[in-house]
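Since the structure comes first, as structure tokens, the remarks are kept for the end.
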Amino acid sequence: MQIEYRSKEEIDLIRVSSLLVGKTIAEVAKHLRDGITTGELDKIAEDFIRSHEAVPAFKGYHGFSGSLCISVNAEVVHGIPGARVLHLGDIVSLDCGVVKNGYYGDSAYTFAIGEVDQQAIKLLQVTRECLYLGIEKAVAGNRMGDVSSNIQKHAEANGFGVVRELVGHGIGKKLHEKPEVPNYGKAGQGLLLKPGLVIAIEPMINMGTKNVKQLNDGWTIVTADQKPAAHFEHTIAVDNVKAEILSSFEEIEKSEKENLNLYKIDYKQHIIA
Ligand code: MG
Ligand code: MG
């Protein structure tokens, strides 16, 4: 399949889906606490998405059973919701996709339940910063390698590992489209970015080494060294002056602030200028 460039009208539809993803993660985040199961959280997400005349994009995707990917601690991505109970000290990534009006949105956010150690806080801060550093480079005239290398440099400068096996992606009429959006690479190389390219940028950053493996469930990706990983994702549209962020963390941050079970991490506010 060719790389698709989206019209203004299509970008508006992708924004509708992407904003619903943010609202869904925000709704689930209200319920994050010691003792809840990932299966209960998944049910909340599915009900919320369907009540907004949309369909969970992950459910049934290559046979995936959940509406969310919920990845805890050493799980990097693609954790399957189920009987797992969350505990104080866990860091939990919620990754969500929806399709509405034929267009997809995709976003992810990582939360800390209760007290977590300083290195875990730093991992979340740096991973989120990596996301925005990638978005800053997602401007027409730059190349994909500018996005990728900006993410990689920041993660590695902080001593963290950048996952190679999984990457961001084009998104629009399918959940995963061309091009790939790696979180590692060389500035000035790769695809020339043009207005209308819609991509999900999603750094997956490990506290330890970059190495990962897949569990026998056929889905869950875990760090090889069992150290924690974090994951933040936005769906964005490349444009001339700056990228347009189509998903939003605004309501997620509100839930994070108001849910007393969650650790309040001091994040830099990023303005893409
Ligand atoms: Mg995602
Ligand atoms: Mg994605």
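Peptides 230-238, 94-102 ranked from most to least packed by the mean count of surrounding Cβ atoms within 10 Å: 230-238, 94-102. Largest accessible area first, the residues VAL16, VAL241 order themselves as VAL241, VAL16 under a 1.4 Å probe with ligands, DNA and RNA left out.
Among the DSSP helices (H) of the chain, those spanning at least 15 angstrom by Cα along their long axis with an average Kyte-Doolittle hydropathy of -1.0 or more are 8-29, 38-51, 118-136, 144-157; this is a geometric and hydropathy rule only. With the cut-off at 1.5 for a/c, could you classify the range 142-211 from its C-alpha gyration tensor as rounded, prolate or oblate? The shape class here is oblate. Comparing mean-square fluctuations of LEU193, LEU133, LEU215 from a GNM of the chain with C-alpha springs under 10 Å, the top value falls on LEU215.
Summary of the geometry: the range 12-59 and the range 205-273, compared by the centres of their Cα atoms, lie 16 Å apart. Atom-type composition of the exposed protein surface of the chain places 50 percent of the accessible area on carbon and sulfur (1.4 angstrom probe).
Computed packing ranks the peptides 162-169, 259-266 as 162-169, 259-266, most packed first, by mean other Cβ atoms within 10 Å.
Backbone phi angles across the range 231-246, fed through the Karplus curve with coefficients 6.51, -1.76 and 1.60 (θ = phi - 60°), yield HN-Hα couplings of 8, 10, 8, 10, 8, 9, 10, 5, 9, 6, 8, 8, 5, 9, 7, 8 Hz in residue order; Gly and Pro are listed as x. Electrostatic tally near ALA83: other residues with Cβ closer than 14 Å to its Cβ, Lys and Arg +1, Asp and Glu -1, net -1. Overall shape: oblate for the range 62-182, with the ratio a/c of the largest to smallest alpha carbon gyration tensor axis at 1.5 or above and b/c at least equal to a/b. The heavy atoms of ARG84 offer some 100 square angstrom of accessible surface to a 1.4 angstrom probe. Counting every C-alpha pair in the range 8-258, the share spaced more than 34 angstrom apart comes to 9%. Close amide H partners of VAL212, meaning residues 5 or more places away or on another chain with modelled amide H under 5 Å apart, are ALA224. When HIS62, HIS270 are compared by accessible surface with a 1.4 Å probe, the order from highest to lowest is HIS62, HIS270.
Relative to the Cα centre, the charge distribution of the chain, modelled as +1 at Lys and Arg Cβ and -1 at Asp and Glu Cβ, gives a dipole magnitude of about 540 debye. For the chain, DSSP calls about 95 percent of its internal beta bridges antiparallel.
The values are calculated or read from the model by the stated rules, or taken from the named source; none is laboratory data. Here the structure is a predicted model, which is why all the values come from computation and not from measurement. For neighbour counting, all protein chains shown are included, and Cβ atoms are generated from backbone atoms with ideal geometry for every residue, glycine included. Surface accessibility is based on the protein's heavy atoms, side chains included, excluding ligands, DNA and RNA. Shrake-Rupley method; radii C 1.70, N 1.55, O 1.52, S 1.80 Å.
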